[in-house]
Amino acid sequence: MERLKPMSHATRKNIGVIGLGIIGRGVAGNLRRKGFPVYVWNRSPRSVPNFVGSPGEVAEICNYIQIFVSDDEALLQTAQQLGEKLTPRHLVLAHSTVAPDSMRAAAEIVERRKARFVEAPFTGSKTAADKGELVYYVCGNDVALRDARPILEASSKEIIEIGPTIGQASAIKVATNMITAASVQAAAEALALIQALGLPLEKFIEAMRSNASHSTTLATKLPKMLSRDFEPHFSVKHMLKDMQIANQIGLSNYLDLGVTAAARDQLLEQMHWGHGDDDYSVIARKYLHEPAPVAGEELQLEEQEEQAGAGESIASSAEMKTQSQQDAGPEVSPAPLISVASSGASNETTRLRPGFFKQLLSRLSSGKE
């Protein structure tokens, strides 16, 4: 792959994009379609136009730099790598979802070189980035925000100014993601309840469309959860990182964030099962077992189980009868029995339905594929 050599001086119109994940790629594409010259860098090299050798080279070529790296550590490393090349002509826009303290630390590194800094986390996933419909939450001084607006408008449908203090936009972003994660977690549990009762999952989705708690997130995620389509639009590992940030903020402020902690734990479980790169809606795997066989297949399966059970019962019955005659003891029923508490003082004995253990094991293992 041929890398672009840095120019002798930066051009005011050039825009650098650092981080070519799902969102960074979409933003770079929108900038190019809007006529901006775009230069890019990513920690793992990509065969894309105008790929340069380092963040420092991006700063040599571009006055405007957008950072779309994944977490706190990556943001601070990028700011340090840019540091020596930054000058008062540079404007750095940080779009990572990180802890407010990390965002402030990145701003200090940039502003120490007299460059300007805009905090601009966003909401919107792969589709919004590709269509240029992200929503940015921004913080910074008036001059920096004014200069950043044309760049942000190239990839957004709305820009919401939070205030002048760096870190506030990050807090807003983390808080909105708390709602998003909790909504999908609740939806997965609701689907599990509907399935357990034998109701059509499609009817639940239909009912939700007219429900007051419906949202754009649920409209997008529910059908994909039913079809087991977990192509990443917002990955488990990134949502988990955001929930960990939220819980850390909660702990430091003596807040009991029970719902957020529960969402974090379910995402962490999916990470342990190797689904970190899937969409965060993959949590539905734990709650939705594979579709049951159609009616004809289920009936045939039960008949086969009953026939097999009957054969076993006859053989077992003959053996037990012979043994009972030898021992002069009572005849023993061969079918499996389970004692179930009744409404009265005594217990009634109930025969287990054929295939019960097979179905139980299937449900228990459905989230561990």
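Gain on full extension, evaluated as 0.36 nm per residue between residue 165 and residue 13 minus their Cα-Cα distance, stands at 52.0 nm. As an exercise, use a Förster radius of 22 Å and the Cβ-Cβ distance of residue 213 and residue 135 to find the FRET efficiency, rounded to the nearest 0.05. Calculated transfer efficiency: 0.60. Between their Cα atoms, which of 203/241; 13/131; 34/203; 114/173; 34/286 are more than 31 Å away from each other? Too far apart for the 31 Å limit: 203/241; 34/203; 34/286. Rg/Rh for the stretch 195-248 stands at 1.07; both radii use Cα atoms, and Rh follows the Kirkwood definition. Within the full protein context, the accessible area of residue 103 is estimated at about 0 Å² for a probe radius of 1.4 Å. Here the Karplus curve 6.51 cos²θ - 1.76 cosθ + 1.60, taken at θ = phi - 60°, turns the phi angles of the stretch 121-132 into couplings of x, 9, 10, x, 10, 4, 4, 5, 5, 5, 8, x Hz, with x standing for Gly and Pro. Quick check: pseudo-label points 7 Å beyond the Cα along Cα→Cβ at residue 229 and residue 186, how many nm apart are they? In this crude label model, residue 229 to residue 186 measures out at 2.5 nm. Taking amide H as placed 1.01 Å from N in the peptide plane, residue 14 has its amide H under 5 Å from the amide H of 63, each at least 5 places away in sequence or on another chain. Within the stretch 134-264, the ratio Rg/Rh, alpha carbon atoms throughout and Rh by Kirkwood, equals 1.05. For residue 125, no residue 5 or more places off, or on another chain, has a built amide H under 5 Å of its own. Note on residue 101 and residue 268: their simple-model spin labels are 1.9 nm apart, each label 7 Å out from Cα toward Cβ. Within the stretch 33-57, list the residues whose amide N lies under 20 Å from a label point set 7 Å along Cα→Cβ of residue 248. From the stretch 33-57, the list is empty.
In the stretch 8-119, a dipole from Cβ-located charges (positive for Lys and Arg, negative for Asp and Glu) runs towards its positive end, and of 14, 42, 52 it is 14 whose Cα lies farthest in that direction. Nonpolar atom fraction for the stretch 6-160, defined as the carbon and sulfur part of the 1.4 Å probe accessible area, stands at 48 percent.
Across the stretch 239-289, Cα-Cα distances exceeding 16 Å account for 40% of all pairs.
With a Förster radius of 45 Å applied to the beta-carbon distance between residue 158 and residue 199, the computed FRET efficiency rounds to 0.75. For the stretch 129-188, the alpha carbon convex hull comes to 79 Å³ per residue, rounded to a whole number.
With K and R counted +1 and D and E -1, the other residues having a Cβ less than 14 Å from that of residue 113 yield a net charge of +1. Close amide H partners of residue 134, meaning residues 5 or more places away or on another chain with modelled amide H under 5 Å apart, are 156, 157.
Which semi-axis lengths, in whole Å and largest first, follow from the square roots of five times the eigenvalues of the Cα gyration tensor of the stretch 28-68? Write out the running numbers ahead of the final one.
Working: eigenvalues 51, 32, 15 Å².
In descending order, the three semi-axes are 16, 13, 9 Å.
Take the Cα of residue 73, step 7 Å toward its Cβ, do the same at residue 220, and the gap between the two points is 2.8 nm.
The values are calculated or read from the model by the stated rules, or taken from the named source; none is laboratory data. Being a predicted model, the structure only gives us computed values, none of them experimental. For neighbour counting, all protein chains shown are included, and Cβ atoms are generated from backbone atoms with ideal geometry for every residue, glycine included. When the accessible area is computed, the model is the full protein with side chains, heavy atoms only, and any ligands, DNA or RNA have been set aside. Shrake-Rupley method; radii C 1.70, N 1.55, O 1.52, S 1.80 Å.
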